[in-house]
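Have a look at the structure below, then the notes.
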């Protein structure tokens, strides 16, 4: 019984929206002196508030969990995109939003037929994004086994669903960042040789 209580506590601590809030606090601590950081915080808070508000409304309407996830995230990202057009935001915010958008559109169709662990996916994705931006965040991966264990102990997912969540959460930020670096390199080479 104590293990189940511990697993529930871990589940609550590492709930995806809690992980985002913790990531924001850590980012504020490390990157708070950057010029556009206030804009990043404002854009994040407004889009995250919209996400929470839409989630709250849809939960009250007893909407399917997959649809709730998709609609809430999409509306939050649209608001973030619009704010990004109005106020300058950093590449960190754009990178994070791109990863979240891609994951949202991959996960929704998959979760209809197979329940991938969003807890492990969100934790892995957020820590991977933070680690790509600043290697000091690599240490946060020590908590990943706890998140995975809690999902398995509470019998919310199979081992394969938890591992798939970790894999997608790790792979998407790597692919997005790698693509960004490749495009930057191609642009530099173009200007170096053709401009």
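The values are calculated or read from the model by the stated rules, or taken from the named source; none is laboratory data. Not measured: the values here are computed from a predicted model. For neighbour counting, all protein chains shown are included, and Cβ atoms are generated from backbone atoms with ideal geometry for every residue, glycine included.
In segment 53-73, what count of residues is obtained for those that are farther than 20 Å from residue 115 by Cβ and either surrounded by 13 or more Cβ atoms within 10 Å (Cβ to Cβ) or touching a strand residue (DSSP E or B) at 6+ places or on another chain (Cβ under 7 Å) (or both)?
Final tally of qualifying residues: 3.
For a quick check of your reading of the model, give me the residue pairs whose first member lies in segment 173-186 and is on the phi < 0 side of the Ramachandran plot and in a helix (DSSP H, G or I), whose second is modelled with pLDDT under 90 and surrounded by 13 or more Cβ atoms within 10 Å (Cβ to Cβ), with beta-carbon atoms closer than 8 Å and at least 6 apart or on different chains.
Qualifying pairs under 8 Å: 173/95; 173/99; 176/95; 176/98; 176/99; 176/102; 177/95; 180/95.
Would you check if residue 103 is over 17 Å from the mean Cα position of the chain (by Cα) and surrounded by 13 or more Cβ atoms within 10 Å (Cβ to Cβ)?
Working: over 17 Å from the mean Cα position of the chain (by Cα): no; surrounded by 13 or more Cβ atoms within 10 Å (Cβ to Cβ): yes.
Taking the combined requirement at face value, the residue does not satisfy it.
Can residue 33 be described as surrounded by fewer than 18 Cβ atoms within 10 Å (Cβ to Cβ), modelled with pLDDT of 85 or more and either on the phi > 0 side of the Ramachandran plot or assigned to a loop (DSSP other than H, G, I, E, B) (or both)?
no
From 20, 80, 67, 58, which residue is without any contact (Cβ under 8 Å) to a residue 24 or more places away in the chain, under 26 Å from residue 111 (Cα atoms) and touching a helix residue (DSSP H, G or I) at 6+ places or on another chain (Cβ under 7 Å)? I'd like the intermediate steps shown before the answer.
On the way: 20 fails: without any contact (Cβ under 8 Å) to a residue 24 or more places away in the chain; 80 fails: without any contact (Cβ under 8 Å) to a residue 24 or more places away in the chain; 67 fails: touching a helix residue (DSSP H, G or I) at 6+ places or on another chain (Cβ under 7 Å).
Matching residue, one of 20, 80, 67, 58: 58.
Can you work out which of the residues in segment 160-195 that are exposed (fewer than 11 other Cβ atoms within 10 Å of the Cβ) and over 22 Å from residue 92 (Cα atoms) is modelled with the lowest pLDDT?
The extreme case among them is 195.
Pick out the one residue from 108, 138 that is in contact with a helix residue (DSSP H, G or I) (Cβ under 8 Å, 6 or more places away or on another chain) and within 21 Å of residue 27 (Cβ to Cβ). Step through it out loud before you land on a result.
Values: 108 fails: within 21 Å of residue 27 (Cβ to Cβ).
Being in contact with a helix residue (DSSP H, G or I) (Cβ under 8 Å, 6 or more places away or on another chain) and within 21 Å of residue 27 (Cβ to Cβ) holds for just one of 108, 138, which is 138.
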